[in-house]
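The values are calculated or read from the model by the stated rules, or taken from the named source; none is laboratory data. All values reported here derive from a predicted model rather than from experimental measurement. In this analysis, Cβ positions are derived from the backbone assuming ideal geometry, glycine residues included, and neighbour counts consider all displayed protein chains. Quick note on the areas: whole protein, heavy atoms, side chains included, nothing else; ligands and nucleic acids left out. Shrake-Rupley method; radii C 1.70, N 1.55, O 1.52, S 1.80 Å.
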Amino acid sequence: MIDKLIRNTITIGFPALMLFIAILATGKTGDSATWSGLRKVGLSFGMLSGLGVLVFAGFVANYFSYFVVDSLLVRFYQQRRELEQPEQLVTEIDRLPITNDLKIKLKWAVLHSSNHKVISLKHAILKWFIIAAIVNALLSIAGYLGEFNLLFELNSHFKLQYLLVSFSTLIFFALVRSKKIWLLVSAFCIIINLAEIVPWYFPAPAFAGSTPGQLLRILHSNVLTSNRRYADVISLVKSEQPDIAVFVEVSTDWAKELAVLREMFPYSSQQQESEEYGSAIYSKLPLENAAVKAFSQTRRSLSADVKFQGKTISMLLVHPSVPIKPQSFIDRNQQLAAIGEYAAQLKNPLVVVGDFNTTMWSPFYKNMVNTGKLHNARSGFGLLPTWPTFMPLLYIPIDHLLVSKEIGVLKIHTGSNIGSDHLPLITDLVVGR
């Protein structure tokens, strides 16, 4: 039966889409990606919770599917009832490959007065989709005005979410045969958001002739000051085997727990701004000229030179302010601008890594990378969202690893959830290609 097939497609498709988005956020492939995706959907409660969320989403989608299929068909036959004989319509309904329950509903709609309740509900749903399309368009456009206002800049970060909403409204308006203007609005949003997303997937970078001994692997993690899953972070480092591991939001407690990494990394550098905030670099390679950089009045950065294959690579570990208030917004933007200027002055190959508290679509981020002539390591590998782990449907990429032109990127991926609100970022670099 066609109506049953459509309902089942919606019922299965919606939770499948949720899982697909969560899997994309993990940056993994194969069976491990599925299990990791389930854990993300389940937030901090684990894989079984994620499965429960998907089952619940399926029930919601199933309920909604009945309204979509039934109300559209009822409305269709009610309109035809005004021009055709009810008896002919009843005969036609009997021949339709649909379930008996739906046939009864359609016959009732044809043989009795119009079901105003169904019509009103359909109009209400249409109204909400129109509002969603308008709001989605306004938010999509507002992001391009981020230089002028904190709220506008905030809107620049959710390109993937805007894209998904755009596809949803487009499909709905096409199904209900709404006015073309709303189809055009949805298509416009799809185009402008796709234009911002697709370039991050193409072209896929490739570096021929590289061997494991020539690679420089860097692991970055915002461990979250309130997080207590110390063992998970240590296990992640041991599993990924980076040459350099860097951390931000290192509280005094975290600093004590991370000290065990000195068994693996003979070189290290730390700076502690307060009891809650600090940063740390652990390296298997010699570190030189370690220093603390103050790019603004708050949130200091940690720098060091790394000796690798006879070359000196400068590294900068950053964590600009969270732009939730006008002053912190100004401060973060000052830090980003100063980082770009700092990068432009350096002669050594440079790696800038950290939690930037902004995405690639922020005008302030764009100014920074243009000034410093920096390249985002995720380019060609996809969006790789890293935050917030407690709300996967709002995932955005705010943790970055940027490199100067002398450094190539062989691979980059996000690590497993270690209890933080950020996912770790692991990058394999090729120096002096």
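Values computed for the structure shown
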{"item": "Residue in the range 318-329 that is within 21 Å of residue 216 (Cα to Cα), aliphatic (A, V, I, L, M) and crowded, with 17+ Cβ neighbours inside 10 Å present", "result": "yes"}
{"item": "Residue count for the range 370-405, restricted to those that are open to solvent by 50 Å² or more (accessible area, probe 1.4 Å) and under 24 Å from residue 241 (Cβ atoms)", "result": "1"}
{"item": "Of all residues in the range 407-433 being open to solvent by 10 Å² or more (accessible area, probe 1.4 Å), touching a strand residue (DSSP E or B) at 6+ places or on another chain (Cβ under 7 Å) and not in a strand (DSSP E or B), the one that is nearest to residue 310 (Cα to Cα)", "result": "432"}
{"item": "Residue under evaluation residue 172, criteria (1) open to solvent by 50 Å² or more (accessible area, probe 1.4 Å); (2) at pLDDT below 90; (3) assigned to a helix (DSSP H, G or I), criterion not met", "result": "(1)"}
{"item": "Counted residues, the range 184-198 - those being farther than 25 Å from residue 380 by Cα and surrounded by 18 or more Cβ atoms within 10 Å (Cβ to Cβ)", "result": "2"}
{"item": "Failed item in (1) open to solvent by less than 100 Å² (accessible area, probe 1.4 Å); (2) of a type outside the set (Ser, Thr, Tyr); (3) assigned to a helix (DSSP H, G or I); (4) modelled with pLDDT of 75 or more, with residue 60 passing the rest", "result": "(4)"}
{"item": "So residue 216, is it outside any helix (DSSP H, G or I) and either buried (at least 16 other Cβ atoms within 10 Å of the Cβ) or modelled with pLDDT of 95 or more (or both)", "result": "yes"}
{"item": "Residue 27 at positive phi, at pLDDT below 65 and within 17 Å of the chain's Cα centre (by Cα)", "result": "yes"}
{"item": "From the options 389, 359, residue that is assigned to a loop (DSSP other than H, G, I, E, B), of a type outside the set (Lys, Arg), within 19 Å of the chain's Cα centre (by Cα) and under 27 Å from residue 238 (Cα atoms)", "result": "389"}
{"item": "Of all residues in the range 343-356 being outside any loop (DSSP other than H, G, I, E, B) and without any contact (Cβ under 8 Å) to a residue 60 or more places away in the chain, the one that is nearest to the chain's Cα centre (by Cα)", "result": "352"}
{"item": "Residue that is nearest to residue 399 (Cα to Cα), among those in the range 227-245 that are open to solvent by less than 80 Å² (accessible area, probe 1.4 Å) and of a type in the set (S, T, N, Q)", "result": "227"}
{"item": "Of all residues in the range 130-152 being within 14 Å of residue 187 (Cα to Cα) and buried (at least 16 other Cβ atoms within 10 Å of the Cβ), the one that is modelled with the lowest pLDDT", "result": "130"}
{"item": "Flag if residue 347 is at pLDDT below 95 and not aliphatic (A, V, I, L, M)", "result": "yes"}
{"item": "The range 131-186 - residue that is of a type in the set (Ser, Thr, Tyr) and more than 19 Å from the chain's Cα centre (by Cα) and, of those, farthest from residue 394 (Cα to Cα)", "result": "178"}
{"item": "Subset of the range 143-196 [within 27 Å of residue 74 (Cα to Cα), without any contact (Cβ under 8 Å) to a residue 40 or more places away in the chain and aromatic (Phe, Trp, Tyr)]", "result": "167"}
{"item": "Residue check, residue 33 at pLDDT 75 or above, under 30 Å from residue 411 (Cβ atoms) and among the aliphatic types (A, V, I, L, M)", "result": "no"}
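To keep it simple, each residue is scored yes or no on (1) at pLDDT 95 or above; (2) on the phi < 0 side of the Ramachandran plot.
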| position | (1), (2) |
| --- | --- |
| 371 | yes, yes |
| 380 | no, no |
| 394 | no, yes |
| 408 | no, yes |
| 419 | no, no |
| 431 | no, yes |
